[in-house]
1. Residues that are within 26 Å of S130 (Cα to Cα), at least 3 per element: which strands (runs of 3 or more DSSP E) completely within the stretch 1-90 meet that?
2. Just name the residue that is nearest to A139 (Cα to Cα) out of those in the stretch 160-209 that are of a type in the set (F, W, Y) and at pLDDT 95 or above.
3. Return the residue satisfying two criteria in turn: it lies in the stretch 8-29 and is hydroxyl-bearing (S, T, Y) and farther than 13 Å from F39 by Cα, and of such residues it is most open to solvent (accessible area, probe 1.4 Å).
4. Hey, can you tell me all the residues within the stretch 269-284 that are more than 10 Å from A325 (Cβ to Cβ), of a type outside the set (K, R) and in contact with a Leu (Cβ under 7 Å, 6 or more places away or on another chain)?
5. With respect to the numbered conditions (1) over 22 Å from L174 (Cα atoms); (2) outside any strand (DSSP E or B); (3) modelled with pLDDT of 95 or more, which one is the sole condition not fulfilled by T131?
6. So how many residues does the stretch 259-269 have that are buried (at least 21 other Cβ atoms within 10 Å of the Cβ) and touching a residue at least 40 places away in the same chain (Cβ under 8 Å)?
7. Inside the stretch 116-139, can you point out the residues that are open to solvent by less than 10 Å² (accessible area, probe 1.4 Å) and within 14 Å of the chain's Cα centre (by Cα)?
Amino acid sequence: MDNYGYSKIGSREWLELNKISRLGFQYLATETLIREYSFIEDETYRGKEIYSEEWKGNKKIILYSDGTESADVVVSRKVNPNVKSLSWRSLLDYLPQPPLPLFVIDMSMKFIHTPEELAKLRLQIGVSLSTLREYLWDAHLAITGADEETSKWLLEVLGYNKVSISNARPSEILWGFDADKVIILRPDAPNPLKPEDVLTADAFLIGGIVDKIPRPGMSRMLDSLVPWGIPRRLELRGSVIGVPERINRIIEILLKTRYLYNGDITKAIISTMTKKDRISRAYREIIKDSKDEGGVKYVTKENYNMLKAWLPLTFDEYLEAAKRAHIEVRG
(Lines give C-alpha, C1' and ligand atoms only; values in the text may rest on other atoms or scores of the structure.)
Protein backbone atom coordinates (compact mmCIF):
# COMPACT_ATOMS: atom_id res chain seq x y z
CA MET A 1 0.00 0.00 0.00
CA ASP A 2 2.77 2.40 0.94
CA ASN A 3 4.69 1.84 -2.29
CA TYR A 4 1.62 2.58 -4.38
CA GLY A 5 0.49 5.55 -2.29
CA TYR A 6 -2.60 3.84 -0.81
CA SER A 7 -3.82 4.66 2.71
CA LYS A 8 -7.25 3.02 2.74
CA ILE A 9 -8.13 -0.42 1.43
CA GLY A 10 -11.61 -1.95 1.22
CA SER A 11 -12.98 -5.31 0.14
CA ARG A 12 -15.70 -6.41 -2.24
CA GLU A 13 -15.17 -9.98 -1.05
CA TRP A 14 -16.51 -11.62 2.11
CA LEU A 15 -14.10 -11.50 5.04
CA GLU A 16 -14.40 -12.59 8.67
CA LEU A 17 -14.96 -9.43 10.68
CA ASN A 18 -13.31 -10.73 13.85
CA LYS A 19 -10.19 -11.73 11.91
CA ILE A 20 -9.91 -8.28 10.32
CA SER A 21 -10.19 -6.73 13.78
CA ARG A 22 -7.63 -9.10 15.29
CA LEU A 23 -5.12 -9.73 12.50
CA GLY A 24 -5.59 -6.72 10.26
CA PHE A 25 -3.37 -6.58 7.17
CA GLN A 26 -1.92 -10.05 7.84
CA TYR A 27 -5.37 -11.57 7.33
CA LEU A 28 -6.21 -9.40 4.32
CA ALA A 29 -2.91 -10.19 2.59
CA THR A 30 -3.23 -13.92 3.27
CA GLU A 31 -6.77 -14.05 1.89
CA THR A 32 -5.64 -12.12 -1.19
CA LEU A 33 -2.81 -14.58 -1.87
CA ILE A 34 -4.87 -17.71 -1.24
CA ARG A 35 -7.92 -16.67 -3.24
CA GLU A 36 -6.01 -14.72 -5.90
CA TYR A 37 -7.85 -11.44 -5.48
CA SER A 38 -6.80 -8.27 -7.27
CA PHE A 39 -6.43 -4.71 -6.02
CA ILE A 40 -8.65 -2.39 -8.03
CA GLU A 41 -9.40 1.31 -7.84
CA ASP A 42 -13.13 1.62 -7.17
CA GLU A 43 -14.65 5.10 -6.73
CA THR A 44 -18.08 3.70 -5.84
CA TYR A 45 -16.94 1.68 -2.82
CA ARG A 46 -17.94 2.84 0.66
CA GLY A 47 -17.11 1.18 3.98
CA LYS A 48 -16.31 1.84 7.62
CA GLU A 49 -12.98 1.66 9.43
CA ILE A 50 -12.46 -1.76 11.01
CA TYR A 51 -8.70 -1.78 11.52
CA SER A 52 -5.84 0.70 11.36
CA GLU A 53 -2.10 0.64 11.83
CA GLU A 54 0.71 3.20 11.80
CA TRP A 55 3.32 2.55 9.09
CA LYS A 56 6.29 4.87 8.62
CA GLY A 57 4.37 7.71 10.21
CA ASN A 58 1.25 7.19 8.09
CA LYS A 59 -2.04 5.62 9.11
CA LYS A 60 -3.11 2.62 7.00
CA ILE A 61 -6.77 1.65 7.23
CA ILE A 62 -8.94 -1.36 6.36
CA LEU A 63 -12.54 -0.53 5.46
CA TYR A 64 -15.29 -3.11 5.49
CA SER A 65 -19.04 -3.55 5.87
CA ASP A 66 -21.49 -0.67 5.31
CA GLY A 67 -20.06 2.79 5.80
CA THR A 68 -19.41 6.19 4.28
CA GLU A 69 -15.63 6.22 3.79
CA SER A 70 -14.15 5.78 0.33
CA ALA A 71 -11.11 3.57 -0.32
CA ASP A 72 -7.99 4.16 -2.40
CA VAL A 73 -8.09 0.56 -3.56
CA VAL A 74 -10.41 -2.42 -3.12
CA VAL A 75 -9.76 -6.16 -2.92
CA SER A 76 -11.90 -7.98 -5.47
CA ARG A 77 -12.10 -11.18 -7.47
CA LYS A 78 -13.64 -9.34 -10.43
CA VAL A 79 -11.36 -7.14 -12.51
CA ASN A 80 -12.54 -4.40 -14.87
CA PRO A 81 -10.10 -4.02 -17.80
CA ASN A 82 -10.99 -0.32 -17.95
CA VAL A 83 -9.96 0.31 -14.33
CA LYS A 84 -6.43 0.36 -12.92
CA SER A 85 -5.71 -2.82 -10.97
CA LEU A 86 -2.90 -4.89 -9.48
CA SER A 87 -2.75 -8.69 -9.47
CA TRP A 88 -2.36 -10.65 -6.24
CA ARG A 89 1.03 -11.63 -7.64
CA SER A 90 2.26 -8.12 -6.89
CA LEU A 91 2.34 -9.16 -3.22
CA LEU A 92 4.78 -11.97 -3.99
CA ASP A 93 7.48 -9.41 -4.82
CA TYR A 94 7.57 -8.51 -1.12
CA LEU A 95 7.70 -12.08 0.19
CA PRO A 96 10.75 -14.32 0.71
CA GLN A 97 11.58 -16.68 -2.14
CA PRO A 98 11.88 -19.53 -1.38
CA PRO A 99 9.29 -19.17 1.41
CA LEU A 100 11.42 -19.80 4.47
CA PRO A 101 11.07 -20.74 7.24
CA LEU A 102 9.31 -23.84 6.00
CA PHE A 103 7.25 -26.04 8.31
CA VAL A 104 7.22 -29.65 7.10
CA ILE A 105 4.79 -32.27 8.39
CA ASP A 106 5.73 -35.75 7.21
CA MET A 107 2.90 -38.24 6.72
CA SER A 108 4.94 -41.35 5.88
CA MET A 109 3.90 -43.02 9.17
CA LYS A 110 0.18 -42.51 8.60
CA PHE A 111 -0.34 -46.27 8.31
CA ILE A 112 0.51 -46.93 12.00
CA HIS A 113 -2.48 -44.95 13.28
CA THR A 114 -5.86 -46.16 14.50
CA PRO A 115 -8.98 -44.52 12.96
CA GLU A 116 -9.36 -42.36 16.09
CA GLU A 117 -5.75 -41.21 15.88
CA LEU A 118 -6.11 -40.44 12.18
CA ALA A 119 -9.13 -38.24 12.85
CA LYS A 120 -7.12 -36.28 15.42
CA LEU A 121 -4.10 -36.07 13.13
CA ARG A 122 -6.13 -34.59 10.30
CA LEU A 123 -7.76 -32.05 12.61
CA GLN A 124 -4.37 -31.01 14.00
CA ILE A 125 -3.02 -30.41 10.50
CA GLY A 126 -6.08 -28.32 9.63
CA VAL A 127 -5.64 -26.19 12.75
CA SER A 128 -1.89 -25.91 12.00
CA LEU A 129 -2.67 -24.11 8.75
CA SER A 130 -5.00 -21.67 10.51
CA THR A 131 -2.30 -20.95 13.08
CA LEU A 132 0.38 -20.48 10.43
CA ARG A 133 -1.77 -17.94 8.60
CA GLU A 134 -1.64 -15.63 11.62
CA TYR A 135 2.10 -15.14 11.08
CA LEU A 136 2.99 -16.30 7.55
CA TRP A 137 0.91 -17.93 4.80
CA ASP A 138 0.27 -21.26 3.09
CA ALA A 139 3.53 -21.39 1.10
CA HIS A 140 5.41 -21.89 4.38
CA LEU A 141 3.71 -25.25 5.03
CA ALA A 142 4.66 -28.47 3.23
CA ILE A 143 3.15 -31.90 3.81
CA THR A 144 5.32 -34.77 2.62
CA GLY A 145 4.88 -38.52 2.31
CA ALA A 146 1.25 -38.04 1.27
CA ASP A 147 -0.05 -40.31 -1.48
CA GLU A 148 -3.07 -39.38 -3.59
CA GLU A 149 -5.55 -40.86 -1.10
CA THR A 150 -3.92 -39.03 1.81
CA SER A 151 -3.88 -35.76 -0.14
CA LYS A 152 -7.63 -35.95 -0.77
CA TRP A 153 -8.19 -36.90 2.87
CA LEU A 154 -6.27 -33.82 4.02
CA LEU A 155 -7.95 -31.45 1.59
CA GLU A 156 -11.27 -32.18 3.28
CA VAL A 157 -10.10 -30.19 6.32
CA LEU A 158 -7.62 -27.79 4.70
CA GLY A 159 -10.22 -26.30 2.38
CA TYR A 160 -9.09 -23.73 -0.18
CA ASN A 161 -5.34 -23.49 0.27
CA LYS A 162 -1.90 -23.15 -1.33
CA VAL A 163 -0.06 -25.65 0.84
CA SER A 164 2.52 -27.91 -0.81
CA ILE A 165 1.21 -31.49 -0.50
CA SER A 166 3.28 -34.23 -2.13
CA ASN A 167 4.42 -37.84 -1.85
CA ALA A 168 8.04 -36.69 -1.87
CA ARG A 169 10.47 -37.29 0.97
CA PRO A 170 11.11 -34.31 3.27
CA SER A 171 14.74 -34.21 2.12
CA GLU A 172 13.67 -33.64 -1.50
CA ILE A 173 11.44 -30.70 -0.57
CA LEU A 174 13.96 -29.16 1.81
CA TRP A 175 16.79 -29.53 -0.69
CA GLY A 176 14.68 -27.80 -3.32
CA PHE A 177 13.98 -24.93 -0.90
CA ASP A 178 17.70 -24.51 -0.09
CA ALA A 179 16.94 -25.19 3.56
CA ASP A 180 20.38 -25.65 5.11
CA LYS A 181 19.52 -25.46 8.81
CA VAL A 182 16.69 -27.89 9.51
CA ILE A 183 15.43 -28.48 13.05
CA ILE A 184 13.81 -31.88 13.63
CA LEU A 185 11.30 -31.68 16.49
CA ARG A 186 10.90 -34.88 18.50
CA PRO A 187 10.29 -35.40 22.23
CA ASP A 188 13.14 -37.91 22.65
CA ALA A 189 15.85 -35.81 20.97
CA PRO A 190 19.15 -35.73 22.90
CA ASN A 191 19.27 -31.93 23.23
CA PRO A 192 16.68 -29.22 24.01
CA LEU A 193 15.60 -26.60 21.51
CA LYS A 194 17.48 -23.31 21.94
CA PRO A 195 16.35 -19.76 21.07
CA GLU A 196 18.97 -19.46 18.31
CA ASP A 197 17.64 -22.70 16.76
CA VAL A 198 14.20 -21.17 16.33
CA LEU A 199 15.39 -17.73 15.25
CA THR A 200 17.86 -18.94 12.59
CA ALA A 201 16.35 -22.18 11.25
CA ASP A 202 15.42 -22.41 7.58
CA ALA A 203 12.91 -25.18 8.27
CA PHE A 204 11.27 -27.29 10.96
CA LEU A 205 10.41 -30.97 10.45
CA ILE A 206 7.56 -32.46 12.48
CA GLY A 207 6.33 -36.03 12.30
CA GLY A 208 2.69 -36.60 11.44
CA ILE A 209 2.24 -38.87 14.45
CA VAL A 210 -0.51 -38.92 17.06
CA ASP A 211 0.44 -41.24 19.91
CA LYS A 212 -2.79 -42.12 21.68
CA ILE A 213 -1.16 -45.55 21.89
CA PRO A 214 2.46 -44.90 23.04
CA ARG A 215 5.06 -45.96 20.46
CA PRO A 216 8.48 -45.32 22.03
CA GLY A 217 11.18 -44.27 19.59
CA MET A 218 8.85 -43.90 16.62
CA SER A 219 9.74 -40.24 16.08
CA ARG A 220 13.44 -41.10 15.65
CA MET A 221 12.77 -42.19 12.09
CA LEU A 222 12.57 -38.47 11.24
CA ASP A 223 16.36 -38.24 11.61
CA SER A 224 16.88 -40.64 8.72
CA LEU A 225 14.51 -38.66 6.48
CA VAL A 226 16.71 -35.55 6.64
CA PRO A 227 20.30 -36.62 7.38
CA TRP A 228 21.54 -33.05 7.84
CA GLY A 229 18.72 -32.16 10.22
CA ILE A 230 19.36 -31.25 13.86
CA PRO A 231 17.13 -33.16 16.34
CA ARG A 232 15.78 -31.04 19.19
CA ARG A 233 13.17 -31.50 21.90
CA LEU A 234 10.81 -28.88 23.26
CA GLU A 235 11.17 -28.65 27.02
CA LEU A 236 9.96 -26.37 29.78
CA ARG A 237 12.36 -25.77 32.66
CA GLY A 238 14.25 -29.00 32.05
CA SER A 239 11.28 -31.29 31.40
CA VAL A 240 9.04 -32.22 28.46
CA ILE A 241 6.11 -32.88 30.84
CA GLY A 242 3.32 -30.39 30.22
CA VAL A 243 4.78 -29.20 26.92
CA PRO A 244 1.97 -29.30 24.31
CA GLU A 245 2.29 -32.32 22.01
CA ARG A 246 -0.25 -31.59 19.30
CA ILE A 247 1.23 -30.70 15.93
CA ASN A 248 -0.68 -27.42 15.72
CA ARG A 249 0.50 -26.36 19.17
CA ILE A 250 4.12 -27.23 18.39
CA ILE A 251 3.90 -25.02 15.30
CA GLU A 252 2.22 -22.30 17.38
CA ILE A 253 5.09 -22.41 19.90
CA LEU A 254 7.69 -22.10 17.13
CA LEU A 255 5.86 -19.19 15.50
CA LYS A 256 5.38 -17.32 18.77
CA THR A 257 9.02 -17.86 19.72
CA ARG A 258 10.25 -16.52 16.40
CA TYR A 259 7.82 -13.69 15.69
CA LEU A 260 6.20 -12.70 18.98
CA TYR A 261 8.60 -13.35 21.87
CA ASN A 262 12.02 -12.78 20.27
CA GLY A 263 13.37 -16.26 21.01
CA ASP A 264 11.74 -16.78 24.42
CA ILE A 265 10.73 -20.44 24.12
CA THR A 266 9.53 -20.66 27.73
CA LYS A 267 7.09 -17.78 27.27
CA ALA A 268 5.83 -19.30 24.01
CA ILE A 269 5.24 -22.71 25.61
CA ILE A 270 3.46 -21.31 28.66
CA SER A 271 1.17 -19.13 26.51
CA THR A 272 0.23 -22.19 24.43
CA MET A 273 -0.42 -24.69 27.24
CA THR A 274 -3.96 -25.97 27.78
CA LYS A 275 -5.54 -26.76 31.15
CA LYS A 276 -4.61 -30.42 30.63
CA ASP A 277 -0.97 -29.43 30.00
CA ARG A 278 -0.86 -27.21 33.11
CA ILE A 279 -2.28 -29.97 35.32
CA SER A 280 0.20 -32.49 33.90
CA ARG A 281 3.08 -30.18 34.73
CA ALA A 282 1.65 -29.39 38.18
CA TYR A 283 1.42 -33.15 38.85
CA ARG A 284 5.14 -33.46 38.14
CA GLU A 285 6.05 -30.46 40.30
CA ILE A 286 3.84 -31.62 43.20
CA ILE A 287 5.51 -35.04 43.28
CA LYS A 288 8.91 -33.33 43.21
CA ASP A 289 7.99 -30.84 45.98
CA SER A 290 6.12 -33.21 48.29
CA LYS A 291 7.28 -34.02 51.81
CA ASP A 292 6.49 -37.04 53.94
CA GLU A 293 5.05 -36.87 57.45
CA GLY A 294 4.12 -40.11 59.16
CA GLY A 295 3.68 -41.88 55.83
CA VAL A 296 1.46 -39.11 54.46
CA LYS A 297 2.78 -37.07 51.55
CA TYR A 298 1.85 -33.41 51.36
CA VAL A 299 2.58 -30.04 49.75
CA THR A 300 1.69 -26.58 51.04
CA LYS A 301 0.01 -23.46 49.74
CA GLU A 302 3.51 -21.98 49.58
CA ASN A 303 4.48 -24.67 47.06
CA TYR A 304 1.54 -23.58 44.94
CA ASN A 305 2.53 -19.91 45.16
CA MET A 306 6.08 -20.72 44.05
CA LEU A 307 4.79 -22.72 41.09
CA LYS A 308 2.24 -20.06 40.18
CA ALA A 309 5.08 -17.53 39.91
CA TRP A 310 6.05 -19.03 36.53
CA LEU A 311 3.11 -21.28 35.56
CA PRO A 312 -0.34 -19.61 35.13
CA LEU A 313 -2.08 -22.22 37.24
CA THR A 314 -5.30 -21.76 39.22
CA PHE A 315 -5.54 -23.18 42.71
CA ASP A 316 -8.34 -25.51 41.58
CA GLU A 317 -6.03 -26.91 38.88
CA TYR A 318 -3.33 -27.38 41.50
CA LEU A 319 -5.78 -29.22 43.77
CA GLU A 320 -6.83 -31.46 40.87
CA ALA A 321 -3.20 -32.35 40.12
CA ALA A 322 -2.55 -33.08 43.81
CA LYS A 323 -5.62 -35.30 43.97
CA ARG A 324 -4.36 -37.33 41.01
CA ALA A 325 -0.98 -37.67 42.72
CA HIS A 326 -2.68 -38.72 46.01
CA ILE A 327 -0.87 -35.92 47.83
CA GLU A 328 -2.44 -33.59 50.39
CA VAL A 329 -2.41 -29.82 50.03
CA ARG A 330 -1.96 -28.10 53.41
CA GLY A 331 -2.19 -24.48 54.47
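The values are calculated or read from the model by the stated rules, or taken from the named source; none is laboratory data. A quick note: this is a predicted structure, and the numbers were derived from the prediction, not measured. Here the Cβ positions follow ideal geometry from the backbone for every residue, glycine too, while neighbour counts run over all protein chains shown. Heads up: the accessible areas ignore ligands, DNA and RNA and are worked out on the full protein's heavy atoms, side chains in. Shrake-Rupley method; radii C 1.70, N 1.55, O 1.52, S 1.80 Å.
1. On the way: elements: 8-11, 38-40, 47-55, 58-69, 73-76.
Qualifying strands (runs of 3 or more DSSP E): 8-11, 47-55, 58-69, 73-76.
2. Filtering the stretch 160-209 down to residues of a type in the set (F, W, Y) leaves 160, 175, 177, 204.
Still in the list and also at pLDDT 95 or above: 175, 177, 204.
On the way: W175: 16, F177: 11, F204: 14 Å.
Among those that are of a type in the set (F, W, Y) and at pLDDT 95 or above, it is F177.
3. Step one: of the stretch 8-29, the residues hydroxyl-bearing (S, T, Y) are 11, 21, 27.
If we keep only those that are farther than 13 Å from F39 by Cα as well, we get 21, 27.
On the way: S21: 65, Y27: 17 Å².
Looking at residues that are hydroxyl-bearing (S, T, Y) and farther than 13 Å from F39 by Cα, I get S21.
4. Here is the first cut: in the stretch 269-284, the residues more than 10 Å from A325 (Cβ to Cβ) are 269-281.
Now restrict to residues that are of a type outside the set (K, R): 269-274, 277, 279-280.
Passing the criteria: I269, I270.
5. (1)
6. Step one: list which residues in the stretch 259-269 are buried (at least 21 other Cβ atoms within 10 Å of the Cβ), which gives 265, 268-269.
From what is left, the residues that are touching a residue at least 40 places away in the same chain (Cβ under 8 Å) are 265.
Selection size over the stretch 259-269: 1.
7. At the first step, the residues of the stretch 116-139 found to be open to solvent by less than 10 Å² (accessible area, probe 1.4 Å) are 117, 121, 125, 128-129, 132, 138.
The answer is I125, S128, L129, L132, D138.
One line per residue, one yes/no per condition, for (1) out of contact with any Phe, Trp or Tyr (no Cβ under 8 Å at 6 or more places or on another chain); (2) aromatic (F, W, Y); (3) open to solvent by 60 Å² or more (accessible area, probe 1.4 Å); (4) modelled with pLDDT of 95 or more:
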residue	(1), (2), (3), (4)
S38	no, no, no, yes
E53	no, no, yes, yes
V75	no, no, no, yes
L92	yes, no, no, no
L100	no, no, no, yes
K110	yes, no, no, no
T114	yes, no, no, no
